[in-house]
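The values are calculated or read from the model by the stated rules, or taken from the named source; none is laboratory data. This is a predicted model, so every value here is computed, not measured. Note: ideal-geometry Cβ built from the backbone for every residue, glycine included; neighbour counts use all protein chains shown. When the accessible area is computed, the model is the full protein with side chains, heavy atoms only, and any ligands, DNA or RNA have been set aside. Shrake-Rupley method; radii C 1.70, N 1.55, O 1.52, S 1.80 Å.
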Amino acid sequence: MPGRLNVAKADHKFAASNQSRRIQFIVVAGVLQLAFLIIFGIFVRYDSAADAKYIGDPDVVAKKRGWSTIVRGCFHLHDGKITFGVMDLLYSDFSCVGILISYGCVLGKLTPVQMMIMAMIQVPIFVGNEYLGLEIFMVKDVGGSIFLHIFGAYFGLFVSLVTFDRNVAGHRSDSTIYHSEIFSMIGTLFLWMFWPSFNSAVALQDSRLRGVINTYITLSSCTVVAFLLSAALTEDRKFLMMHIQNSTIAGGVAVGSVADMQLQPWGAMLIGVVAAIVSVTGYRFLTPKLEKIRFHDTCGVNNLHGMPGLISGIASAIACAVASREMYGDSLFVVFPAMAPANTTVTVSLLNGDHEIKTGLGRTPGTQGLYQLAAIGCTLAVAIVGGTLTGLILRLPFFDSYDRVTYYSDEPHWHRPEDGFPDRFTQLIYHKGETQVVPEHRVDDVTLRGATYEVKVNQAYELQEAN
Amino acid sequence: MPGRLNVAKADHKFAASNQSRRIQFIVVAGVLQLAFLIIFGIFVRYDSAADAKYIGDPDVVAKKRGWSTIVRGCFHLHDGKITFGVMDLLYSDFSCVGILISYGCVLGKLTPVQMMIMAMIQVPIFVGNEYLGLEIFMVKDVGGSIFLHIFGAYFGLFVSLVTFDRNVAGHRSDSTIYHSEIFSMIGTLFLWMFWPSFNSAVALQDSRLRGVINTYITLSSCTVVAFLLSAALTEDRKFLMMHIQNSTIAGGVAVGSVADMQLQPWGAMLIGVVAAIVSVTGYRFLTPKLEKIRFHDTCGVNNLHGMPGLISGIASAIACAVASREMYGDSLFVVFPAMAPANTTVTVSLLNGDHEIKTGLGRTPGTQGLYQLAAIGCTLAVAIVGGTLTGLILRLPFFDSYDRVTYYSDEPHWHRPEDGFPDRFTQLIYHKGETQVVPEHRVDDVTLRGATYEVKVNQAYELQEAN
Amino acid sequence: MPGRLNVAKADHKFAASNQSRRIQFIVVAGVLQLAFLIIFGIFVRYDSAADAKYIGDPDVVAKKRGWSTIVRGCFHLHDGKITFGVMDLLYSDFSCVGILISYGCVLGKLTPVQMMIMAMIQVPIFVGNEYLGLEIFMVKDVGGSIFLHIFGAYFGLFVSLVTFDRNVAGHRSDSTIYHSEIFSMIGTLFLWMFWPSFNSAVALQDSRLRGVINTYITLSSCTVVAFLLSAALTEDRKFLMMHIQNSTIAGGVAVGSVADMQLQPWGAMLIGVVAAIVSVTGYRFLTPKLEKIRFHDTCGVNNLHGMPGLISGIASAIACAVASREMYGDSLFVVFPAMAPANTTVTVSLLNGDHEIKTGLGRTPGTQGLYQLAAIGCTLAVAIVGGTLTGLILRLPFFDSYDRVTYYSDEPHWHRPEDGFPDRFTQLIYHKGETQVVPEHRVDDVTLRGATYEVKVNQAYELQEAN
């Protein structure tokens, strides 16, 4: 038959390749799940003490952050909080956040199996770096901007660099549609609303409400400037949804490491302004340039997490260096435990009563500031090396990567439902060369015949020709 | 005019039938609302003691569960929490959940009036069965898997069986579209996130955080296995949204009755695995078979609530039978009040201090396990008989049921808005046989004339022919 | 070329006008943000005492409501909570709500710059009126129905009146589509769920749970009656989404001022019934009439906020006038601080212990009722005068208002993404006069040529003609 497309052979090849990827997913997910079940059965028990303690007790926060926590955390996108108590659940969720940030760099480009393996490799590196920073360096990072956002962003970016394929950039399917943009705003709103709680979840005592207030002010300020710059920096001076969805919440990242510190409202506001500037200009000018040197960043993670995280880290170094007893009162040693005297315990009076402070390291504010910078450098190094190595592993032939026709597509792994209402389509039918509008409940079935639709009308309401 | 469809008469008949259904709704809803207003005015007052007590006080939980509670609860889909205090609000919400589960079996098949009457009949049956189980049998069911999920699922399934019409199965409108599937994931995410709170809302003392942790682990484990099996059990090894939306949260049901017990992380994980297996295989293999024997289940309630509920019930019997003082410490009598000594009060030391425990029944763990099984059997019997009778009532001619053309349709009861943006459609117009793209703001009105659109251009920007 | 539309000139004019609006936005937003940053830097500091106090402490609620609070509040849609402590954040959010309500009247009709300036003018008027009512009149308004809802609604309505242009009414773009209506229900659900918390956020002591319960009952009752009337009052007896989205939550407004008072369940229920009646009849009959006399109300704010707010105000006058020591017990002076003795402090026993009550004004219940009425009248007057003046300011030529082609359109200020999936469109292609369905991943690019699409097939899967 002339004009008929001979697509059978190509289809078969396409289907076969995806079929092997799908079976790989089933096998790898199954093996991992079984392994975790066995490991949990043998090693993991409730921590009955932590069970009854709510978030906010410094003892619970401080203990139990050794190598054992490496098996803890989120191993898949949807799963695998290995946990002992409520604080462990919380820290596992934090690991999850770090991984999800990295996922943003490679979304639509790696297969589910590659993403699972990536998370498996990333978790111990993440936990190790966090352990080094929080326990050894005793660095302040209440909202995780250093250990979650910087780490996640640059780990993901280097995985993306190493697994780069020239077909992922400018791909036709890497675009957006109206309903999808509106839908995404739910995510932005929820992140906005819950960011103050996120940034103050592990803050202690008097500093917790400060964490809420600082984050709130930063986000507000960031939102206005993000709108302003989104219009100012595009050629036709119109808002771009990408900026509104992402840069309006960059302030939450940029205030993360310093949320529980004495910023004063103007300080929080200033951080928001800087975050918005960096984020919108990043999307507008930096991302296209990075793409050219193979740093392809599907969700613009560098602009929402990477650079705002760096701002937060630098801000935390400054805020630590200028901290003083005059500024914080007795809560200084609660906010900065490493500044507590090394040899004697002191009793401080906080708003909810007197507390005895554990011995610290007797650090000066300046030293604490340097440690903050050291943690940033260390996190960057670990993320870059870790991401590069992980990317190399993910390029092994075993993984059967996506190719040009499967990038950014639901097709290889999802049953895709119809785009439009199945019963609406038939409201407009062609009958003997004339268009007729018929209510949907009249129509039993519609078949495409050449360029017209053949409509089978249901028996209850037979169509009759008038004359 | 040849080719013109003579649809006026049939339309009239269709409209008349729906009109009577709509008027019936107005009358029934009005009468019920008026009745409740009068009943509330005469009988219902604040419980000022409960007013000031927060959830978690055993006294409040235990009291006031008599026949008076039968008028309590949710009488409509959206309404009617008759309540005295905060705990009553909570238990009314629980009744609501039970009814909404049943609604899942009959959605799109019963008229609003039938659904209102169904709820009116179901609430007293639900409350009676719950009273029998919680107060007389003293059964443990912290997350309501037995009294909410099993009851709701099989009540609804038998209503569906009795009201079955061969036209509901495989109906053309019982299908889905892309945006709708994505939108539904919001529901799945919220259920996932809030399920730990739901399962621990009425847990007491030390067992509350255990409820959170167990539910969290079960859901995580269930999610991974649901993805895995969704791919493994479909012919082309692709994920099916139906599984992802439903089976990923089946673990929340399956851990419901045992959430506050000593499962250990591996136990919670195992329950999640079993829940996912049962749920996905249920959707894949069991639901089509059940449909053939007239158990039509619109939302697959049996796979998300029915069978996972049974798993939870059986797990609770086992967990009760192996409970011991060694395992629970002093909190044994808090978690299992029926095991407390029958004659003397004991004082136990919990994490938040010493508490005097009310006298119980001196039950052994084994006996408690048998009572759990008895409650399952009893709930199944009540649900099946109640559902069958309710279904028979709903088949009375009074109700003017839906028919083939109105199933699963918004049409009979809703003003349905347009599917597409009214102003976008006109961007592409045909002008003198040639296609022209015109910005939307140029177009005043569009009329369908035969197979082409007649476009009225607005005056501000007149179209001029160039030559 | 004949048939070609000469649209270039008109387009240019259209673009130029919007361009100036967009630049105006950038300048105004920038100047305001800079001004706030400077004001914050000079004037605003943490209130370290409030920092550590949670909501519910009467001292915090009562103090600091002077002129200084005028700079506080929300200055833009997304921004600008100027704040000192947590209570200030809360009250700033309240100001925001008032402004967002007013925005509902003018949405799609004012430019972003006009809306920013409107908020800038409205905030000090709002705060001044609230200060007069809460501090000088000592009026009860726990859920803000008087100072938020009445004020916001009539302020916005008079801005809309003054800025009225005959083209805004019945505009073709002021319509709705299916996905948008469904999406909006998320908002309705969230407002429904969180309204009990909103109405009891600033309630004190024993009255907080009463606030939750009353609001819950009112919303439930309102929902049923709204459904009932939505069907009863439309000609074809079908539900209208507009009623379901808005009138079902009118009860939350109508119970706002009295949520913490002794309504009894039947009282709360009755308020819900009245709210639904007023709201649905308002949408059905009043709004079209108001539009004719130039009160164009984009979102029907008068029906959701205005009239239900008036009901709440009147209900509060009645509830205050009948309040007595018998009804409230010792908590009378907590709920109505103005009724506390003027000269001596009294100690009252509440459910959580004994409290010393601050001296009040020794008001009688009747006097308190009259003050409630006075506050309503005062709020209406301030809103009407303020809204009218604001509207006059917004009509200044400086503002470059929208015109007929730009009302209700994303076009002037947003990059608008495509409506449909870019890669799906090509699944159905015309090849040599015959329709062929080709999987999306086959197609590289699609171009519109006359009435048909020219499809460029990707190289990996070349199309071959069979013969």
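The candidates B:L191, A:L209, arranged from most to least accessible area with a 1.4 Å probe in the full protein assembly, appear as B:L191, A:L209.
Sorting B:I271, C:I277, B:I121 by accessible area puts them as C:I277, B:I121, B:I271; the probe is 1.4 Å, largest comes first, and only protein heavy atoms count. If you take the Cα centroid of the range A:259-304 and the Cα centroid of the range C:335-372, the two points sit 52 Å apart.
Using a cut-off of 15 Å between beta-carbons, work out the net charge of the residues near C:A342 (Lys and Arg +1, Asp and Glu -1, C:A342 not included). Charge balance in the 15 Å sphere: +2.
Net charge in the neighbourhood of C:V113 (other residues with Cβ under 11 Å of its Cβ; Lys, Arg +1, Asp, Glu -1) is +1.
The alpha-carbon atoms of the range C:271-345 define a convex hull whose volume equals 128 cubic angstrom per residue.
Grab the other residues whose beta carbon is less than 15 angstrom from that of C:L233, score K and R as +1, D and E as -1, and report the net. Neighbourhood net charge equals +3. The calculated FRET efficiency for the pair A:L396 and A:I42, based on their C-beta separation and a Förster distance of 35 Å, comes to about 0.70.
With label points defined 7 Å past Cα in the direction of Cβ, position A:L392 shows copy-to-copy spacings of 7.5, 7.5 nm, given to one decimal and shortest first.
Maximal additional length on extending the A:H415-A:L370 stretch stands at 10.9 nm, based on 0.36 nm per residue less the C-alpha distance. Surface listing: B:L204, C:L148 arranged by accessible area from highest to lowest gives B:L204, C:L148, probe 1.4 Å. Dividing the convex hull volume of the alpha carbon atoms of the range A:179-237 by its residue count gives 79 Å³ per residue. Note on B:T345/B:S20: beta-carbon distance plugged into 1/(1 + (r/R0)^6) with R0 of 56 Å gives a FRET efficiency of 0.35.
Mean silhouette area of the range B:138-267, derived from the convex hull of its C-alpha atoms and averaged over all directions, reads 10.1 nm². With a Förster radius of 51 Å applied to the beta-carbon distance between C:S175 and B:L361, the computed FRET efficiency rounds to 0.20. Sorted from nearest, the other copies put their B:V346 label points 4.8, 4.8 nm away, the label point being 7 Å from Cα in the direction of Cβ. The other copies place their B:I38 label points at 7.0, 7.0 nm from this one, listed shortest first, where each point is 7 Å from Cα along Cα→Cβ. Could you run the Debye sum over the Cα atoms of the range B:215-282, one equal point scatterer each and no solvent, and tell me log10 of I(q)/I(0) at q = 0.24 Å⁻¹, two decimals? Log10 of I(q)/I(0), two decimals: -0.87.
Extending 7 Å from the Cα toward the beta-carbon at both A:T234 and A:A35 defines two label points whose distance is 4.5 nm. Here the label points at C:T188 and C:S324, each 7 Å from Cα along the C-beta direction, are separated by 4.2 nm in the simple model. Between the range C:130-155 and the range A:89-118, the C-alpha centres lie 48 angstrom from each other.
Each eigenvalue of the Cα gyration tensor of the range A:106-198, multiplied by 5 and square-rooted, gives one semi-axis; in descending order these are 28, 22, 10 Å.
Pairs over the 31 Å Cα-Cα cut-off, from the set A:K109/C:K109; B:K289/C:K238; A:K109/B:K109; C:K109/C:K289: A:K109/C:K109; B:K289/C:K238; A:K109/B:K109. Counting only heavy atoms of the protein chains and using a 1.4 Å probe, A:I357 has close to 20 Å² of accessible surface. Legend: Rg and Dmax of the range B:288-428, from Cα coordinates, 26.0, 84 Å.
For A:C299, the solvent-accessible surface computed with a 1.4 Å probe is close to 60 Å², ligands and nucleic acids excluded.
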